[in-house]
1. If you build the Cα gyration tensor of segment 372-466 and take the root of 5 times each eigenvalue, what three semi-axes come out, in whole angstrom, biggest first?
2. For 398, 18, 339, what ranking results if the residue with the fewest other Cβ atoms within 10 Å of its Cβ goes first?
3. At R0 = 60 Å, how high is the FRET efficiency between residue 34 and residue 301 if r is their beta carbon distance? Nearest 0.05 is fine.
4. In whole angstrom, how far apart do the alpha carbon centroids of segment 16-31 and segment 124-163 sit?
5. Using 20 Å as the cut-off for backbone N distance, which residues of segment 426-466 belong to the label zone defined by a point 7 Å from the Cα of residue 355 along Cα→Cβ?
6. Semi-axes, largest first, in whole Å: what does sqrt of 5 times each Cα gyration tensor eigenvalue give for segment 405-460?
7. What is the angle, in °, between the Cα long axis of helix 319-332 and the longest principal axis of the Cα atoms in the chain? Nearest 10 is fine, range 0 to 90.
8. Taking every DSSP beta bridge with both residues inside segment 13-142, roughly what % is antiparallel (nearest 5)?
Ligand code: BES
Ligand code: ZN
Ligand code: ZN
């Protein structure tokens with residue numbers, strides 16, 4: 001369901017967002033019964049607290065939401081969402097201009113209201129879930145359609161990741177991109193099966209050939225003028241590890257191995273919905289890393305589109321292989337910026353955990369622009385190094401490159417260095433994301449999640465000179 005703010009109604013409950021330090025001054029202007037109610041219910045204005053003050057003689061009902069202190073907010077991403085999830089059924093209208101309530105700048109207000117919509121997300125494909133009780137009327141000063149578009153992008157990303165591989169194989173992922181392209185009048189081309197060999201995309205074919213659904217490269221174009229941005233997303237719809245089979249515990253969540261694709265599609269949706277003046281290209285190698293008699297093997301030496309040979313040390317390091325050919329193709333289009341997103345390594349998860357989106361770039365200004373927009377967007381990122389001295393780790397004896405250096409040092413960095421070899425001269429940024437929220441937090445239910453897309457979207461004017 002599309003995320004929407006509630007239409008204005010006369011029965012809306014006024015909602016006051018109050019910092020902890022403001023509560024006493026705010027209360028001093030209120031009638032005694034209301035003061036008593038707040039005290040009785042232990043409402044202190046702590047971040048994420050919520051309190052409904054029922055109607056009484058001569059008073060309409062109102063609601064309070066705690067905005068806490070700066071230190072409390074540092075420990076969360078979304079504050080209003082925490083309160084929204086606790087409020088009883090009803091339609092709420094934020095009173096942003098009244099005395100002694102939290103003063104949010106435009107960005108903070110937008111992010112807090114976005115959090116409300118993100119809290120309303122439910123994954124209902126297989127089972128109905130009760131909708132959130134409380135809905136929000138967008139404050140008048142908010143660009144509501146823009147916030148709804150950000151939420152719709154995140155909903156798309158979550159739905160794609162949450163859908164199990166049986167219903168989100170390469171073919172269904174292609175259908176989703178076809179539908180997205182149709183919605184925004186983008187053009188789309190797909191190269192699948194043996195045509196991949198014909199088109200010189202051998203690594204995508206090799207990784208995906210053992211699966212029942214044929215591997216494919218999805219190539220979407222949108223926009224006819226402006227700087228060229230190419231997004232490349234890892235679309236491994238299920239990662240068994242291949243012949244280097246993953247143990248059960250590691251395989252359990254691998255429906256999310258198309259999280260990079262789900263994220264770049266979310267970002268593409270933001271860009272297209274906003275009508276940014278750019279030329280967007282989205283490349284998704286969509287495959288299943290499966291096991292069969294024709295699966296690729298450890299020890300095989302594969303050729304790539306770029307002509308570099310790759311020795312397979314581990315068939316579970318498949319993401320960098322499919323991305324390699326896609327990145328070469330991206331580079332051939334001479335874009336102004338290439339961004340890849342991928343659930344590429346377990347090492348990234350160990351290094352920064354599920355909350356931070358680790359990214360690589362050689363351009364300090366790009367890193368600074370991205371980092372600047374991450375905070376206000378509640379979409380934290382962390383820069384990692386393309387550490388050139390580790391290049392030797394990805395150089396084996398009998399081929400140009402090794403897909404899985406032994407030793408296991410700096411696994412996320414060596415994977416990023418591997419990808420950079422294929423991005424050519426393009427200005428390149430790469431995200432090694434986790435794509436999953438393991439335990440629920442306000443506005444972030446357990447399950448598939450976008451990482452870095454809102455930060456990127458907000459940074460695009462700086463990154464592309466718009
Ligand atoms: N899809 C996995 C990476 C992954 C695992 C991401 C768990 C998030 C959570 C990837 O294809 C993989 O298996 N990578 C290997 C590479 C290794 C064999 C060099 C890894 O990280 O262990
Ligand atoms: Zn793998
Ligand atoms: Zn993988």
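What follows is calculated from the coordinates using simple rules that are stated; it is not laboratory data. Quick caveat, the model's predicted, so the values are computed rather than measured. We place every Cβ from the backbone using ideal geometry, glycine too, and count neighbours over all the protein chains shown.
1. 30, 19, 10
2. By the 10 Å Cβ count, ascending, the order reads 398, 18, 339.
3. Plugging the Cβ-Cβ distance into 1/(1 + (r/R0)^6) gives 0.20.
4. 30
5. Within reach of a label on residue 355: 432-456.
6. 27, 19, 7
7. Once rounded, the angle reads 90 degrees.
8. Of the beta bridges lying entirely in segment 13-142, close to 30 percent run antiparallel.
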